[in-house]
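Note sheet for the following structure.
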Amino acid sequence: MFQKSSQNPRQPAASPRGGDIPASPGGNPVHTHGLSRIGGKTTIQGDISGEEDLLIEGRILGDVLFRKHGVTVGAEGVVEGRMVARELTVRGRVDGTLIAAEKITLKAGAVVNGQLHSPGLVLEEGAAFHGNIDMEPEQNELRDAFDTGAARIDSTAPESARLGAEPSLVAEADIFPEDDRSAPVQRS
């Protein structure tokens, strides 16, 4: 009634670490060692973060925070939210703010609507971008996203608190609200 097959139907899959590198839908090799992957049939609602590179082939509705690593949005990938990474590569669609410490690359076929903040930008022919670009290396968005340790610039702070300004007693007195009389200020 049942016949035994001479082939073993449960052969172990080849390990990506053993030299086999799977190909992306575009035929380019995708290295999977030290790489997180969100598959094409996966949707994540909420923020995600991690400590390795990320390949997004599915959909993310939320922020993607991989500050020390690279993030790639695959050709079928979709992100609706803020993305912060060392380096960002987009082949799919992103609606939101992209912040990269080193470089943002929009590949042919990419569709991006929003804000780009990075000192480096590559925009390939065939990519579509609608929004604003800020490539200033010392911008507030980069300082805030990567907490570079540099003094932060607060546009509402008095001039003495801004980067490169000389402190002044008059400006420092303006830091305290008029209602706050809990600690007297003494000047010598």
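Solvent-accessible surface of segment 45-85, taken per residue with a 1.4 Å probe and all protein chains present: 43 Å². With K and R counted +1 and D and E -1, the other residues having a Cβ less than 11 Å from that of residue 126 yield a net charge of 0. A 1.4 Å probe over all protein chains sorts 43, 97, 105 by accessible area into 43, 97, 105, starting with the largest.
The values are calculated or read from the model by the stated rules, or taken from the named source; none is laboratory data. Keep in mind it's a predicted model, so treat the numbers as computed, not measured. Positions of Cβ are generated from backbone atoms using ideal geometry, with glycine treated the same way; all protein chains shown enter the neighbour counts. Quick note on the areas: whole protein, heavy atoms, side chains included, nothing else; ligands and nucleic acids left out. Shrake-Rupley method; radii C 1.70, N 1.55, O 1.52, S 1.80 Å.
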